[in-house]
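Take a look at the structure below.
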Amino acid sequence: MSKSTDQQAYTFISVICSKQKELNRDLIEEAHLNNGCLPDWLQGTLVRIGPGMFSVGDTSYNHWFDGMALMHSFTFKDGDVFYRSKYLKGDTYRANMEANRIVVSEMGTMAYPHPSKNILSKVISFLSHTIPDFTDNCGNNIIKYGMDYYATSETNYIRKIDPNILETQDKVDYLKYLAVNLVTSHPHYDKEGNTYNMGTSVAEKGKTKYILFRVPPAAEDSAKATPALKNLEVLCTVPCRSLMNPSYYHSFGMTDNYFIFVEQPLKLDILKMATAYMRHVNWASCLKFCPEEYTLIHLIHRQTGKEVAKFFTDALVMYHHVNAFEKDGHVVFDAITYADNSLYEMFYLKNLKLEMERPGMSGKVFTKPQYKRFALPLLNDKEAKFGDDLVKLTFTTAHVIKEKEDRLFCHPEIICEGVELPRINYDFNGKKHRYVYMTCTDMSAISTKVVKFDVEEKKALEWMEENCWPGEAVFTARPNAEEEDDGVVLIVVIKLSPKVSAFLLVLEAKTFTEMARASLDVEMHIDMHGHFIPQLGS
């Protein structure tokens with residue numbers, strides 16, 4: 001192994017595979033602003049979350065997504081940056097800590113009782129996995145309902161948090177308010193304070209369906225307010241094309257008038273999930289990609305809740321929508337897609353370690369992601385002939401071909417490749433956007449640079465630095481900005497050298513050049529997603 005590769009492998013173990021040594025992590029300190037200065041308008045808190053602990057006692061998680069959730073926050077106040085970090089201390093965390101081993105199963109790691117446990121304990125464990133009571137290890141994203149913020153994954157549980165001090169608060173069960181077993185961790189928000197999300201209801205009253213719902217805003221002065229979820233409103237339901245094999249989805253699209261739901265042929269086998277525990281396999285093994293099937297794209301009217309059109313496209317796997325908008329009688333949506341489900345396989349810790357030590361030796365092929373643009377005509381031209389293209393837009397090469405039995409088949413435009421974790425100026429969510437901020441994953445699932453991509457000019461500005469792993473690029477707009485890219489981009493950067501501090505990078509969004517960086521004298525971790533909360537009045 002070369003010196004460089006050896007260093008990367010060492011760093012991988014230290015920044016990704018953290019062990020129980022950080023059990024009591026509860027940090028707050030001022031970051032060292034050692035280069036440049038922050039704009040005076042940048043006031044607020046960036047809250048981020050991701051896996052942070054991978055071993056408890058003599059047990060370890062198998063998959064990176066499974067690690068116990070670790071929260072980070074960066075508070076910007078009068079030109080200074082303050083860093084805080086705490087574990088999400090929910091039921092899963094407490095149960096694992098009390099037992100000094102992993103006792104709560106995650107998607108890629110099945111937990112079994114210690115061999116010394118009696119038969120009753122083993123029977124109880126078996127029954128709890130047959131009809132799973134999922135984890136509350138909510139390490140995927142930070143979302144907002146009403147005035148409250150929550151840590152979320154994709155189960156029926158979310159955890160309320162105090163974003164100012166990263167305190168873990170109430171455990172909230174979606175099932176108390178809506179019959180959904182799985183819910184996305186990428187909702188949408190409108191300017192009125194409504195939150196829109198969707199979830200899957202499995203075999204409820206003999207039907208499996210996808211449910212889109214709205215959570216209204218809450219009064220700011222309501223100190224004793226009930227959870228905003230109590231007032232949620234179901235907007236529409238979409239029947240699943242298979243009772244016991246619902247599609248997995250991670251996000252959805254929204255414009256002023258429409259929802260876009262992509263029902264992809266990446267499916268959960270519910271019956272296999274019920275028997276996974278006794279078969280000694282994890283729940284993730286019950287997730288199957290079916291390349292022989294088409295992907296369905298459901299276009300749903302927001303006001304009526306009715307599906308106005310259904311489109312087909314080739315089999316794909318999609319995690320992140322970029323944005324969606326309406327233009328000249330079409331709904332256009334952008335998304336990051338894959339040809340298969342290899343991305344999840346790459347994040348098994350054994351595969352990540354092998355790829356860092358000996359690239360290619362894991363035996364797993366990483367399918368490069370593609371940024372695709374789909375154009376959906378709102379009117380089905382009855383006069384069109386078979387083979388005609390129904391898309392009439394000039395700014396995209398995306399097509400929709402009319403096929404037999406009036407089936408509409410989408411052929412998307414490939415905008416670029418090797419990118420993930422897309423973020424936009426959220427003021428343009430549902431509107432025609434020009435700029436997207438993404439990580440670059442050309443050669444592996446770990447990003448080595450970030451990019452500002454101009455989707456009109458098909459040009460990119462990049463930031464990279466030797467021996468760095470930059471994370472998700474979060475755009476934050478200047479107050480009262482008129483131009484789409486008037487603001488800053490906030491990025492947590494992990495250094496590959498164990499002797500060099502990680503840092504928060506602040507880029508000027510227009511030029512994508514460095515404005516400032518704040519170094520941290522703590523061990524940082526690659527995380528998943530985050531949410532910027534502006535200071536009230538800023």
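The values are calculated or read from the model by the stated rules, or taken from the named source; none is laboratory data. None of these values were measured; they are calculated from a predicted model. Every residue, glycine among them, receives a Cβ derived from its backbone with ideal geometry; neighbour counts consider all protein chains shown. Each accessible area value is taken on the protein alone, full model and side chains, heavy atoms only, with ligands, DNA and RNA left out. Shrake-Rupley method; radii C 1.70, N 1.55, O 1.52, S 1.80 Å.
Numbers at a glance
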read-out: Selection from region 194-215 of residues that are open to solvent by 20 Å² or more (accessible area, probe 1.4 Å) and modelled with pLDDT of 95 or more; value: Lys209, Arg214
read-out: Elements of type strands (runs of 3 or more DSSP E) contained in region 453-530, each with 2 or more residues being in contact (Cβ under 8 Å) with a residue 40 or more places away in the chain, surrounded by fewer than 22 Cβ atoms within 10 Å (Cβ to Cβ) and over 22 Å from the mean Cα position of the chain (by Cα); value: 459-463, 513-519
read-out: Positions within region 415-452 being open to solvent by less than 60 Å² (accessible area, probe 1.4 Å), in a loop (DSSP other than H, G, I, E, B) and of a type in the set (Val, Ile, Thr), in sequence order; value: Ile424, Thr441, Ile446
read-out: Residue among Lys191, Lys230, Lys171, Lys176 that alone is closer than 20 Å to Tyr87 by Cα, surrounded by fewer than 22 Cβ atoms within 10 Å (Cβ to Cβ), basic (Lys, Arg) and in contact with a helix residue (DSSP H, G or I) (Cβ under 9 Å, 6 or more places away or on another chain); value: Lys171
read-out: Residue check, Gly36 at pLDDT below 85, touching a strand residue (DSSP E or B) at 6+ places or on another chain (Cβ under 7 Å) and either within 16 Å of Gly90 (Cβ to Cβ) or not charged (D, E, K, R) (or both); value: yes
read-out: Output for region 326-349, where each listed residue is of a type outside the set (D, E, K, R), buried (at least 20 other Cβ atoms within 10 Å of the Cβ) and either modelled with pLDDT of 95 or more or touching a Gly at 6+ places or on another chain (Cβ under 6 Å) (or both); value: His330, Val331, Val332, Phe333, Ala335, Ile336, Thr337, Tyr338
read-out: Residue within region 142-159 that is modelled with pLDDT of 95 or more, open to solvent by less than 50 Å² (accessible area, probe 1.4 Å), of a type in the set (Ser, Thr, Tyr) and within 22 Å of Tyr277 (Cβ to Cβ) present; value: yes
read-out: Lone qualifier among Leu38, Leu46 - being crowded, with 19+ Cβ neighbours inside 10 Å, in a loop (DSSP other than H, G, I, E, B) and out of contact with any helix residue (DSSP H, G or I) (no Cβ under 8 Å at 6 or more places or on another chain); value: Leu38
read-out: Residue list for region 63-82, restricted to those being touching a residue at least 60 places away in the same chain (Cβ under 8 Å) and surrounded by fewer than 20 Cβ atoms within 10 Å (Cβ to Cβ); value: Lys77
read-out: Elements of type strands (runs of 3 or more DSSP E) in region 276-345, at least 3 residues being under 20 Å from the mean Cα position of the chain (by Cα); value: 287-289, 317-327, 330-338
